[in-house]
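What follows is a single structure, written as structure tokens, with notes after it.
The values are calculated or read from the model by the stated rules, or taken from the named source; none is laboratory data. Because the structure is a prediction, the values reported are computed rather than measured. Cβ coordinates were reconstructed from backbone atoms using ideal geometry, including for glycine residues, and neighbour counts include every protein chain displayed. Please note that ligands, DNA and RNA were not included when accessible areas were found on the heavy atoms of the full protein model with its side chains. Shrake-Rupley method; radii C 1.70, N 1.55, O 1.52, S 1.80 Å.
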Amino acid sequence: MAADRIFSNWDDTHSVLWGHAPIRLAHNMHKSPLFSMDHLAELIEHYPREHYSLMQTGVKEGKRIWRQGDIGNFSGRQVIDAISRGDLWLNLRMVSDIDSRYSDLLAQMFTEIGEKVPHFALPHQYNAGILISAPKAQVHYHADLPGQSLIQIAGRKRVHIYPSNPPFVTPKNLEDIQLFELELDMPYHEWYDRYATVLDLEPGQMLNWPLNAPHRVDNLGTVNISMTVGYENEEIRRTRIVNLANGLLRNRFGYTPKSRSLKGPAFWGKAVMQKALRNTSWVKRERKARNEIEFRLDHDHPEQVVNLSNDLSKAA
Ligand SMILES: [Fe+2]
């Protein structure tokens, strides 16, 4: 693959729109052997527990479901089969750290983007996750803190992308995500859809959108394999520092932050403060309570899903 170009239909409009508006591009990464079923099954089987998320999603009795599970005693292939049958969603997080062949592929992708987009500062840090999701799986309305690209490998999905400003996303929303690592507590109203850009994705297509733009995803009746890439350059890094510092001011000290400046004394004061406080026991305790594992896949159970009780840990 290294000899081939990744992007096949890039034009001047893509170069000026990158980072400023949602854009859909053609790529050839879906043809890589890194995304064959055999390779993915093997990857799942040996994936470190701390780096994958198995989620159950959907709506039950009018309430949104969003809970986290464990692959239990399933093989990689059985996990993919289970996903194709149910409302499950597997994210192999940090795959670019775990297998360097994915990071080589992404390095090539960012090099090509850097050649085509003069205003894009190349990321000093990125990480990719492979998402395998059920035919009806949904990702609810949320925003991400790093820059984001969504690369479609197999299956079809519809992505709604919303403006990256209030009321769709507020400074407080971004602070809470930074502080608690919880993306899914953002308020959403159906009328927001009138302001969304709606783009369908097929294998060989990818999306990029402005920083922090909220989005939601509906799979269109087929199992989906996608790769999400989160990336950070200097400007994005500073934005995250401000989110964390302002979140601490608001949540811990009851103070409403007035500045989101990325420069000057207000920024550097916050940079020092968030560094001192970000890993205190208060922040860690809040994160743990909001990220519990609630089910496990299991052959010995008739429904192949075992619900785990977290009542004790939640009360702690
Ligand atoms: Fe996202």
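Points worth noting:
- Residue within segment 112-128 that is in contact with a Lys or Arg (Cβ under 8 Å, 6 or more places away or on another chain), assigned by TED's automatic domain parsing to the domain that holds Met29 and under 19 Å from Leu43 (Cβ atoms) present: yes
- Scope segment 98-146; condition more than 16 Å from Ser32 (Cβ to Cβ), charged (D, E, K, R) and in contact (Cβ under 8 Å) with a residue 40 or more places away in the chain; matching residues: Lys116, Lys136, Asp144
- Residue within segment 40-63 that is in the same structural domain as Trp89 (by TED's automatic domain parsing), among the acidic types (Asp, Glu), under 18 Å from Arg296 (Cα atoms) and open to solvent by 80 Å² or more (accessible area, probe 1.4 Å) present: yes
- Residue within segment 83-93 that is part of a loop (DSSP other than H, G, I, E, B), in contact with a helix residue (DSSP H, G or I) (Cβ under 7 Å, 6 or more places away or on another chain) and within 16 Å of the ligand (Cβ to nearest atom) present: yes
- Selection of segment 64-82 for residues being open to solvent by 70 Å² or more (accessible area, probe 1.4 Å) and either closer than 11 Å to Arg296 by Cα or not in a helix (DSSP H, G or I) (or both) yields Arg64, Trp66, Asn73.
- Meets criteria (of a type in the set (Phe, Trp, Tyr), more than 12 Å from the ligand (Cβ to nearest atom) and in a loop (DSSP other than H, G, I, E, B)) for Tyr126: no
- Filtered by the rule that a residue be farther than 22 Å from Pro214 by Cβ and open to solvent by 30 Å² or more (accessible area, probe 1.4 Å), segment 14-27 gives a lone residue, Val16.
- Residue satisfying condition, being modelled with pLDDT of 95 or more and in the same structural domain as Ile44 (by TED's automatic domain parsing), within set Asn224, Asn212, Asn173: Asn224
- Breaking point among (1) under 21 Å from Ala26 (Cβ atoms); (2) within 16 Å of the ligand (Cβ to nearest atom), for Thr111: (2)
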